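Below: one structure, written as structure tokens.
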Amino acid sequence: ILNVEQSPQSLHVQEGDSTNFTCSFPSSNFYALHWYRWETAKSPEALFVMTLNGDEKKKGRISATLNTKEGYSYLYIKGSQPEDSATYLCALGRRDDKIIFGKGTRLHILP
Amino acid sequence: DAMVIQNPRYQVTQFGKPVTLSCSQTLNHNVMYWYQQKSSQAPKLLFHYYDKDFNNEADTPDNFQSRRPNTSFCFLDIRSPGLGDAAMYLCATSRDLRTGNQPQHFGDGTRLSIL
């Protein structure tokens, strides 16, 4: 059974502080790792798709890294803002075309 | 501009009364997916269409069916909803089937409640 685990489940961060959270996955059958941001009452929005070990991607204040050998990805947010409050989902794309989501990390930015 | 549209946003139905959820897309993507997400759980893939080819996940109950009459539309039919089917239902699309460097595009979801 393939499980995608995200930690922590929930996180409270002071506005202006930086933060990071983790997605871990079994590295066998790996094809791609996706990160999505899901704000309340909106649709999940794709942030990054990464395929290569050592990949590092950046979008504004948000960046992500990927280690396929040990099976983890980190998402970093620099200088958190209220608009960063959301659930961050990671998803593993497998070679058999299955995509498996984690439960998400719920991020709350405190004013 | 909304590219994946789900209707309705909220659906209330009675126990055992059939219900249909709708999804449409303007992206002309080949693949359309239906996910079920229960509170604090991971979105769970129910099935997907690659063009007209239907692919059911092994653990999707028979109570759940899907139709894709054309590229743009895909429907989720729940034949006899039970209390355990109350959830958020997400529709997503992707250009192609390989889950490589292609993100999925999601709709806003339909939250289904069962009375």
- Just one listed residue, out of A:60, A:79, A:93, is surrounded by 14 or more Cβ atoms within 10 Å (Cβ to Cβ) and among the small types (Gly, Ala, Ser), and it is A:93
- Item | Residue list for segment B:24-64, filter: closer than 19 Å to residue A:103 by Cβ, polar (S, T, N, Q) and surrounded by fewer than 13 Cβ atoms within 10 Å (Cβ to Cβ) | B:39, B:40
- In segment A:47-76, how many residues are under 24 Å from residue A:110 (Cα atoms) and in contact with a Phe, Trp or Tyr (Cβ under 9 Å, 6 or more places away or on another chain)? 10
- Residues located in segment A:60-108, provided they are among the charged types (D, E, K, R) and either within 12 Å of chain B (Cβ to nearest Cβ) or closer than 30 Å to residue B:54 by Cβ (or both): A:94, A:95, A:96, A:97, A:98, A:103, A:106
- Item | Residues (under 24 Å from residue B:96 (Cβ atoms) and of a type outside the set (D, E, K, R)) located in segment B:65-82 | B:66, B:69, B:70, B:71, B:72, B:73, B:74, B:75, B:76
- State all residues of segment A:23-36 that are surrounded by fewer than 20 Cβ atoms within 10 Å (Cβ to Cβ) and either out of contact with any Asp or Glu (no Cβ under 9 Å at 6 or more places or on another chain) or more than 8 Å from chain B (Cβ to nearest Cβ) (or both); if no residue qualifies, say none. A:24, A:26, A:27, A:28, A:29, A:30
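Bear in mind that the values in this text are calculations on the coordinates, not laboratory data. Keep in mind that this is a model prediction, so the values were computed, not measured. Cβ atoms come from the backbone with ideal geometry, glycine included; neighbour counts cover every protein chain shown.
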